[in-house]
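The values are calculated or read from the model by the stated rules, or taken from the named source; none is laboratory data. Remember, it's a predicted structure, so these values are computed and weren't measured experimentally. Counting neighbours? That spans all protein chains shown, and the Cβs are built from the backbone with ideal geometry, glycine included. When the accessible area is computed, the model is the full protein with side chains, heavy atoms only, and any ligands, DNA or RNA have been set aside. Shrake-Rupley method; radii C 1.70, N 1.55, O 1.52, S 1.80 Å.
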Amino acid sequence: MKMVDVGGKEKTERVAVATAHLRMLPETLELILQGKVEKGDVLAAARLAGVMAAKRTPDVIPLCHPIALSGVEVIPTPGPEGLEIRVTVRTVDRTGVEMEALTAACAAALTVYDMCKSMDRGMVLERVQLDHKAGGRSGTWDRESGR
């Protein structure tokens, strides 16, 4: 195994968007939205966890390059079955930020699970996926268009 050498690549703007869905009971979602979860502000904690995870991705994913991130946005959105966590990560660097976006989406969703597990152990973290990436040699890719 080896870390890919990106030293000869040009620094370019790169963006990645990832989502994760956390399916939960309607009552659990309602308590989150009303701010009535015993452990505190679940959505604020999820946003913070996502940002922190994006910054620490090389510490958890073997051979992942440390990247200077220029922006991380974590948006939890309620839906009919629970929460969708959408993460956008940006950099100007020699390699992409897909792993940072995916790691952040997982960490944000897991934080919600941790804070709400006493009320709803049946929550399901699902559909963790890359939805968009732009920049670098391979250009732009969107899940919706498949390219």
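Tabulated results
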| item | result |
| --- | --- |
| Count of Lys pairs (Cα-Cα under 27 Å; at least 8 positions apart or interchain) in the chain | 12 |
| Rounded percent of accessible protein surface that carbon and sulfur make up, the chain, 1.4 Å probe | 54 |
| Check: the chain dipole with +1 on Lys, Arg Cβ and -1 on Asp, Glu Cβ, in debye | 460 |
| Whole-number accessible area per residue in Å² for the chain, which is evaluated in the context of all protein chains at 1.4 Å | 58 |
| Relative contact order for the chain, counting Cα pairs under 8 Å that sit 6 or more residues apart, in percent | 38 |
| Extension gain from Val128 to Lys39, taking 0.36 nm per residue of separation minus the Cα-Cα distance | 29.5 nm |
| Kirkwood-based Rg to Rh ratio, the chain, C-alpha trace | 1.03 |
